[in-house]
Amino acid sequence: MLGAIAGFWISMMMFVVIGFAMIIGSAASALVNSQSASSSIEKESVLVIDLDSSIDERPMPRTLQAIINDTPESQSLVNILRAINIAKDDDRIEGIYINCQGSAAGVATRQAIARALSDFRESGKWIVAYGDNYMQGDYYMISCADYIFLNPAGAVDVRGIASTIPFFKGLLDKVGVEMQVFKVGTYKSAVEPYILNNMSDANREMTQYFLNNIWGDIASTIATNRGVKVETVNMWADSLVAFDSPQKMVDLKVVDELKYADEVIEHLKGLTNVKKGKDVRMIDYATYNTLTEAPHDKKAKNKIAVYYACGDITDNGSDGIVGAKVVPDILALAEDDDIEALVLRVNSGGGSAFASEQIWHALEVFKSKGKTFYVSMGDYAASGGYYISCGAEKIYAEPATLTGSIGIFGMIPCFKELVNDKLGINFGIVSTNANSNFPSVLEPATPFQASRMQAAINRGYELFTSRCAEGRHLPQDSIKAIGEGRVWDGRTALRIGLVDELGGLDTTIDALAQKMNYKKYQVVVYPETEQTFWDIIAEMPARVQANAMRDELGSFYPVYQEVKRFENLDPIQARMLPMTVK
């Protein structure tokens, strides 16, 4: 027995040592590669952006499993935009080369990159894009390029956008589970997958409206950039141009020329006057960022805090917007004499109504100290995401941001049929009062219990709309008129008063600096993303399990995620319906 115990601990220590060595080795290798790639930026260099992975809001630490498996790191919106914006005024950078191999990002994220690239091109510098096969989202971002090259055996996917929503009621009926729903809002569709077999008319109307607006922006941008009419872009989409021959895509002006990857490099040599036998001086945007000065003065006395609030809003936990972590952070910033201004960067479809209220209150405390609070919205800032945003002095959103969804709901599953009739399990319940066992997943709510639950939902909606009315300086009835759980695109949200300006995070920070009369300032980012070695080790089992489930379930993994997400939900939710926009 002692030998077995000793063997176990020796194995664990070896795992830790080997893992630690691999992390050190990986970091050292990355450092050597970075230094060998370029210790300085040469003249007539080309900034390279590879669009080949997911694009997150901000840089995230790599997990041990990702290091061991050598999986590609996700990219970050903030780093891509930083490189583009600095390169625009950098005399050493001739232009940008974008290699499109398939990125994953929200529409608003892509909108921010597309705008930055257009701004770069307007500075007088060129952009070259190449793709073996262009995904629609990548093509939208690079449509402003001076030269769009396509592999002679490739294709360009332009087909419009769609929202796909899974409905689980048929499955729940088969297994004997009834979802008891309490909500406020005609358009509050987050509950529909559990009580309907298809979209309600209200949900379909709402979704069609914001999809049309977002696609209108995308099609208009592509049309302007490619020198064609919007009708032409819609013709590409309706005819499934991706299935046409590559040469026809040239004829239709979808792309400029057909070239292989090595021929594109030769084209870059011509643009940068590279002598025969020499290589193009390329520098990837990650390395470029490490070799350039920050756009803001790190030594400046004035500070603007940028707090990232991304993911589901929960009361406790380790991922997403966790009330138990965010509230103390915001209260600490309120007491920090060095911080007078805050930008809350929100990318969330909502979550716990309780946690949303606590975060709203912490932000009010921040404002009560005489400090200024702005919001920058990403792909989503809906339901609870809007709840925590509504008190800001100014709210900025992208045209494609999905926001609003001002509504509340609660759900209690009832497994009585499954447990009693299908599994043959019965429970004896003894209680002192009529409602001692409420809420219960083993018995349906009585009419009295249902009425009390609905009353709590109604109070939550009144509180939510009153917070929005106070923050937006509008009558509560006006908020209710555009509330009802309805999701709005950012451009419409601006028109109806839910946001103040259209623009990204940089625009928000610049506006806040101007408001504060800061000529020089530094940006301080919260919360910290650094992980210790022990943090990485601790998260390994959960990540291994998640990867195993992803591999096993394949395309059904998102359905599994959605079911798991509702296992430990707070009883009252301010959340929008998750959706996949293709």
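Here, each number is a calculation from the coordinates, and none is a lab measurement. Values in this document were obtained by computation on a predicted structure and should not be read as measured data. For neighbour counting, all protein chains shown are included, and Cβ atoms are generated from backbone atoms with ideal geometry for every residue, glycine included.
Here is how the numbers come out for the structure above:
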read-out	value
Unit Cα scatterers, Debye sum, the stretch 157-199: log10 I(q)/I(0) for q = 0.16, 0.25, 0.28, 0.33 Å⁻¹	-0.51, -0.90, -1.02, -1.20
For the stretch 121-132, Karplus couplings with θ = phi - 60° (6.51, -1.76, 1.60), whole Hz, Gly/Pro x	5, 5, 6, x, 9, 9, 10, 10, 10, 9, x, 5
Charge-dipole axis of the stretch 268-320 as Lys and Arg at +1 and Asp and Glu at -1 on Cβ define it, positive-most pick from Tyr288, Gly320, Ile304	Tyr288
Amide proton proximity set for Ser54, modelled H, under 5 Å, gap of 5+	Gln75, Ala104
Packing-based ranking, highest mean first, of 352-363, 449-460 given that Cβ atoms within 10 Å are counted	352-363, 449-460
Rh (Kirkwood; distinct C-alpha pairs) - the stretch 93-179, Å	15.3 Å
Label-point separation, Asp319 to Asp89 (7 Å along Cα→Cβ), nm	3.9 nm
Ordering of 299-307, 94-102 by burial proxy (mean other Cβ atoms within 10 Å per residue, highest first)	94-102, 299-307
Derived scalar couplings ³J(HN,Hα) [the stretch 515-527; Karplus, 6.51 cos²θ - 1.76 cosθ + 1.60; whole Hz; x for Gly, Pro]	4, 8, 6, 8, 7, 10, 7, 10, 9, 10, 9, 9, x
Anchor Lys169: lysines whose Cα lies under 25 Å away (excluding residues fewer than 8 positions away in-chain)	Lys183, Lys188, Lys416, Lys422, Lys564, Lys582
Pairs of lysine residues in the stretch 198-335 - Cα separation under 26 Å, sequence separation of 8 or more or cross-chain	11
